[in-house]
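The values are calculated or read from the model by the stated rules, or taken from the named source; none is laboratory data. What you see is a predicted model, and the numbers here were worked out from it, not measured in a lab. Cβ placement follows ideal geometry from the backbone for every residue including glycine, while neighbour counts extend to all protein chains displayed. Note: accessible area is taken over every heavy atom of the protein model, side chains too, but ligands, DNA and RNA are not part of it. Shrake-Rupley method; radii C 1.70, N 1.55, O 1.52, S 1.80 Å.
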Amino acid sequence: MAAASSSSCGGAGCGAHCSSSTSSAAEDAPEVGLGRLSISGASASCGKCGGGAVVVVAGGVGLCGECLRAQLFGKFKLAVTSNAMVRPTDSVLVAFSGGPASRVALQFIHEMRSKAIGSWDASNSQALPVFNVGVAFVDESVLLSMPECEVELATEDIKSIVSSLLPGDKAMHIASLDDVFSSESNSKDGEDRLRELVGMITDDTGREDLLQCLRMLSLQKIALENGYTKIMLGSCASTIACHVLSATVKGQGYSLPADIQYVDARWEVPVVLPLRDCLAQELSLLCEFDSLKTQQLLDRPCGGINGLIASFVARLREENPSREHTIVRTAQKLKPFPFNKFSANGYHDFLPSRLRPKFQHVDSDEPAFSEVLCLICRSPFSESELQNLESTRHNSQKKIDLYTACCCQSCHVQILPGGRNLYDHFFSLLPKFWTERVDTASASHSSLRDQIEDYLLEDDDDGN
């Protein structure tokens, strides 16, 4: 997910969830490196083409490097086309962290665009345009104790990776995490404000979760300011498996389906996950085999619940590599939210006819997205959280009480500071984009209630 920290697979990314390693791989021969990273012991021949098998993927099926690449690209392309993730008129922002998964996502979408350009150039009609691709990298070095020269070196590596993809017409956006405060008139410097905000959270898990929310806000800011219509994350099956378990432990079971679908349109700029069916180790193997350069110097280690879950999933992976897929498939049985699919308008006609039956588009008579979302993490509210919010709106006159009620239960436990006397200062440090959204919704709610005041029954009204 584009973040420089805790994200080896993308800005929403894997981080310690991913077991990839790139420190000395470039110095090894491909066969040696791939053998070292193999998920299980090598088989005698490729199970697909019959050639010499260099790697072994989940399930014990031996595949050579070329067949592994074809398999992963096939999963990526199927996810993009069957879910209408990218239209010809789209401008896609790839969240690039420098890790293996986001590197593969960038490579694959680059190849799809190159092929589309070739087909467009060869077409006599040139009726449909070709989608654009940009790259975003969120620099979190402001929170790391690292020499400036190392940070600059890592950033230059990120730039060189993007510029190596020819044709080199991709816009590169590098934003510091504290840029989410840059448009606000506040006496505090953005870096100081970010550090103070993070420092108020005593829980390790809460700090990581807040940083994840700030990464997404940073990506949304880049996309909105530069006209992008989609954000593509490198979140893979390994990332999602860890998220499924950690969300369950944190009590986020109701909102969990929102985070694990191919499409997430609850944001101002919709988010797509084309690598949802690919394992982190497979993506690392592909980077080794294709000599795809990665840069993970700025990664942050996971701690708290997230770190414990990552270690647990790693142990499961050692016993059976397919366990991650099993976790994701089990979670997929949960009912998704309406914003987990694009509307029919503008999407359905771009799909090949053979894939249209698989595309679950929104019918015209289906109600529009109306979920109430958490102020911080944007998780959908459960029934009990909605009741608490409505009660607060009617009974409380303090804005800080409304902000608190607009936070989900998980954010209450993990992110909000321990004492209520600290809430005023904490919410004053949050990006104004979050709190102003609540202010706008509250004003709209009050205006609507004023308009229908005369038609509402009093509590002691018998209804006659």
Tell me the residue from Glu390, Glu371 that is open to solvent by 30 Å² or more (accessible area, probe 1.4 Å), modelled with pLDDT of 90 or more and not hydroxyl-bearing (Ser, Thr, Tyr), please. Glu390
Can you list residue pairs whose Cβ atoms sit under 8 Å apart, with the first residue in region 233-253 being part of a loop (DSSP other than H, G, I, E, B) and the second being open to solvent by 10 Å² or more (accessible area, probe 1.4 Å) and among the β-branched types (Val, Ile, Thr)? Count only pairs 6 or more apart in sequence or on different chains. Lys250/Ile305; Lys250/Val413; Gly251/Val413
Could we say that Leu297 is more than 26 Å from Arg266 (Cα to Cα), of a type outside the set (Lys, Arg) and open to solvent by 10 Å² or more (accessible area, probe 1.4 Å) here? yes
Residues to consider are Gln281, Gln261; find the one that is within 20 Å of Ala314 (Cα to Cα), open to solvent by 10 Å² or more (accessible area, probe 1.4 Å) and in contact (Cβ under 8 Å) with a residue 60 or more places away in the chain. Gln281
Would a scan of region 351-361 turn up a residue that is modelled with pLDDT of 95 or more, hydrophobic (A, V, I, L, M, F, W, C) and either on the phi < 0 side of the Ramachandran plot or open to solvent by 30 Å² or more (accessible area, probe 1.4 Å) (or both)? no
Hey, any hits in region 301-322 for a residue that's open to solvent by 30 Å² or more (accessible area, probe 1.4 Å), under 19 Å from the mean Cα position of the chain (by Cα) and basic (Lys, Arg)? no
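Yes/no matrix, rows are residues, columns are (1) under 17 Å from Pro380 (Cα atoms); (2) in the same structural domain as Phe76 (by the TED database); (3) within 14 Å of the chain's Cα centre (by Cα):
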position	(1), (2), (3)
Asp179	no, yes, no
Leu194	no, yes, no
Met200	no, yes, no
Leu210	yes, yes, yes
Gln220	no, yes, yes
Ile231	no, yes, yes
Gly253	yes, yes, no
Identify all residues within region 91-122 that are open to solvent by 10 Å² or more (accessible area, probe 1.4 Å) and either touching a strand residue (DSSP E or B) at 6+ places or on another chain (Cβ under 6 Å) or outside any helix (DSSP H, G or I) (or both); write none if there are none. Ser91, Arg113
Under 6 Å between Cβ atoms, at least 6 apart or on separate chains: pull out the pairs that start in region 74-90 with a residue that is outside any loop (DSSP other than H, G, I, E, B) and end on any residue that is surrounded by 22 or more Cβ atoms within 10 Å (Cβ to Cβ). Lys75/Cys278; Phe76/Phe108; Phe76/Pro274; Ala79/Pro274; Val80/Val86; Val80/Pro274
Based on this model, can you work out whether Ser428 counts as modelled with pLDDT under 90, farther than 30 Å from Asn340 by Cβ, hydroxyl-bearing (Ser, Thr, Tyr) and in a helix (DSSP H, G or I)? no
Qualifying position, being surrounded by fewer than 14 Cβ atoms within 10 Å (Cβ to Cβ), in contact (Cβ under 8 Å) with a residue 12 or more places away in the chain and outside any loop (DSSP other than H, G, I, E, B), among Glu191, Glu150, Glu208, Glu156: Glu150
I'd like to know if region 328-343 contains one or more residues that are surrounded by fewer than 18 Cβ atoms within 10 Å (Cβ to Cβ), touching a Ser or Thr at 6+ places or on another chain (Cβ under 8 Å) and among the small types (Gly, Ala, Ser). no
Might you let me know whether region 284-296 holds any residue that is in contact with a Pro (Cβ under 7 Å, 6 or more places away or on another chain) and aromatic (Phe, Trp, Tyr)? yes
Of the candidates Leu224, Leu285, the one satisfying the condition of being modelled with pLDDT under 95, over 12 Å from the mean Cα position of the chain (by Cα) and assigned by the TED database to the domain that holds Val135 is Leu285
